[in-house]
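Participant: Here's a structure for you.
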Amino acid sequence: MEMISGPDLGAGFLYQLTSERGDGPARFVFHAQDGGVDANGPPKGTPEPFGWSRSPGMCPIGGRACWHREFWLPESEALHVRTSYNRTRFVMEASLGQAYEGRPVPTEAALEELLRRAPPGGPGPAWSIVGATAIWLRGLGPPPGRIEIESSEAGVRRWAEGFEEYLIEPAAPTGWYGTERRFAARAFVGTMQVGARVEWSEPDPAVAPSGRSAPGTQWVDWKGHRVPCRARP
């Protein structure tokens with residue numbers, strides 16, 4: 001195991017970034033340890049709502065109260081991983097405020113920027129907005145806490161390249177909300193104090209075994225845009 005960065009502070013946590021070499025891609029890990037008073041904590045809550053998982057045992061880096069995000073990438077990607085890691089800890093305070101204190105999420109502003117910079121229906125891999133965001137766009141629910149987009153691996157890569165300055169997780173194979181690894185990326189679109197979390201991932205392999213976008217997309221009119229939406233099965 002190699003320590004790439006840390007300990008770093010943010011939102012009541014102590015962070016470390018590590019990598020582990022193996023026969024294939026390196027395993028990069030974001031660690032977020034409850035830092036207590038040493039990190040101006042305690043934190044407002046855990047990062048579990050953002051896809052993090054608590055270490056199942058004693059983490060050699062962060063102990064028992066340590067949460068992880070893991071990515072499998074070539075070692076040559078270490079700089080990109082570190083850039084995402086730094087933005088993650090810088091926006092964690094705002095993310096926790098949204099999740100635990102009801103701080104407003106600028107969903108509309110973030111979605112308008114997404115649609116402006118990557119108009120749907122253009123050249124490139126197909127994509128669909130899914131989850132609570134798709135329900136909200138149909139007028140059937142409240143504004144979501146995050147924007148969820150599904151596409152192929154090529155589509156996730158393209159989104160990540162287009163929003164590189166906002167990335168909080170690199171485009172990479174990663175555990176995805178308790179499921180098997182998927183190719184995915186995350187961003188915090190906005191400033192470090194005010195923004196919306198955006199998630200791109202491959203569809204569930206059971207729904208789209210080819211890796212392409214899953215079927216069943218509907219087009220919804222929203223603020224002059226035609227937006228591809230799909231209800232998850």
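Read the figures in this text as sums done on the coordinates, not as results from a lab. Note that the coordinates shown come from a computational prediction; the quantities given were computed from them, not determined experimentally. So basically every Cβ, Gly included, is an ideal-geometry build from the backbone, and we count neighbours across all protein chains shown.
Participant: Who wins for biggest fluctuation among 133, 179, 18 in a Gaussian network model of the chain, springs between alpha carbons below 10 Å?
Facilitator: Looking only at 133, 179, 18, the biggest GNM fluctuation is shown by 179.
Participant: May I pose another question? Convert each backbone phi in segment 73-85 into a coupling constant with the Karplus relation 6.51 cos²θ - 1.76 cosθ + 1.60 (shift: θ = phi - 60°), then list the ³J(HN,Hα) values in order as whole Hz, x for Gly and Pro.
Facilitator: 8, x, 4, 5, 8, 4, 5, 5, 4, 5, 4, 5, 4
Participant: Hey, another quick one. May I ask for the angle, rounded to the nearest 10°, between helix 107-117 and the longest principal axis of the chain, with both axes built from Cα atoms and the value confined to 0 to 90°?
Facilitator: For helix 107-117, the angle is close to 70 degrees.
Participant: With each pseudo-label sitting 7 Å past Cα toward Cβ, what's the residue 221-residue 79 distance in nm, one decimal?
Facilitator: For residue 221 paired with residue 79, the spin-label model returns 4.7 nm.
Participant: Please list 3J(HN,Hα) in residue order for segment 152-169, calculated via the Karplus relation 6.51 cos²θ - 1.76 cosθ + 1.60 where θ = phi - 60°; whole Hz, with x for glycine and proline.
Facilitator: 6, 4, 4, x, 4, 4, 5, 4, 4, 5, x, 10, 4, 5, 9, 4, 10, 9
Participant: Could I ask something else about it? If you add up the charges near residue 219, with Lys and Arg at +1 and Asp and Glu at -1, over every other residue whose beta carbon is less than 15 angstrom from its beta carbon, what do you get? Spell out each step's value before the answer.
Facilitator: On the way: positive: 138, 223, 226, 230; negative: 221.
Net charge in that neighbourhood comes out at +3.
Participant: Which residue fluctuates most in the GNM of the chain (Cα springs below 10 Å): 45, 22, 131?
Facilitator: 22
Participant: Let me ask something additional. How high is the relative contact order of segment 102-233, in percent, with contacts defined as C-alpha pairs under 8 Å that are six or more residues apart?
Facilitator: On the way: 240 pairs, mean separation 36.2, N = 132.
Over segment 102-233, the number comes to 27 percent.
Participant: Moving on. Once amide H atoms are placed 1.01 Å from N in the peptide plane, what residues at a sequence separation of 5 or more from residue 147, or on another chain, have their amide H within under 5 Å of its amide H?
Facilitator: Amide H neighbours of residue 147: 197, 198, 199.
Participant: Then there is this: Considering amide H positions built from the backbone, and no H for Pro or chain starts, which residues 5 or more places from residue 59, or on another chain, come under 5 Å of its amide H?
Facilitator: 64
Participant: Tell me, what does the Kirkwood hydrodynamic radius of the chain come to in angstroms if you use every pair of distinct C-alpha atoms? Before the final figure, lay out each step's value.
Facilitator: On the way: mean 1/r = 0.0549 Å⁻¹.
18.2 Å is the Kirkwood radius here.
Participant: Sum -39500 (n - 2.57) across every DSSP H segment of at least 4 residues in the chain, then divide by the residue count to get the 222 nm mean residue ellipticity, nearest 500.
Facilitator: Working: 4 runs with 52 residues, N = 233.
The helix-only estimate for the chain comes to -7000 deg cm²/dmol at 222 nm.
Participant: For the chain, what's the relative contact order in percent, using C-alpha pairs closer than 8 Å and at least 6 residues apart? Don't skip to the end; give the middle numbers.
Facilitator: On the way: 470 pairs, mean separation 38.3, N = 233.
Over the chain, the number comes to 16 percent.
Participant: Also: ³J(HN,Hα) across segment 34-51 via Karplus (A = 6.51, B = -1.76, C = 1.60, θ = phi - 60°), whole Hz, x for Gly/Pro?
Facilitator: 4, x, x, 5, 5, 10, 6, x, x, x, 5, x, 8, x, 4, x, 9, x
Participant: Here's something else I'd like to know. Quick one: if the Förster radius is 22 Å, what FRET efficiency do residue 65 and residue 3 give, using the C-beta to C-beta distance and rounding to 0.05? It would help to have the intermediate numbers written out before the result.
Facilitator: Working: r = 19 Å, r/R0 = 0.86.
Efficiency for this residue pair is about 0.70.
Participant: Just the isolated ones, please: cysteines in the chain lacking another cysteine beta carbon under 4.7 angstrom.
Facilitator: So far as the 4.7 Å Cβ criterion goes, 229 stand without a partner in the chain.
Participant: Tell me whether segment 63-130 comes out rounded, prolate or oblate; compute the Cα gyration tensor, take square roots of the eigenvalues as a ≥ b ≥ c, and use a/c under 1.5 as the rounded threshold.
Facilitator: Since a/c reaches 1.5 but b/c is at least a/b, the shape of segment 63-130 is classed as oblate.
Participant: If you find the alpha carbon centre of segment 102-170 and of segment 1-66, how far apart are they in angstrom?
Facilitator: When both Cα centres are located, 27 Å separates them.
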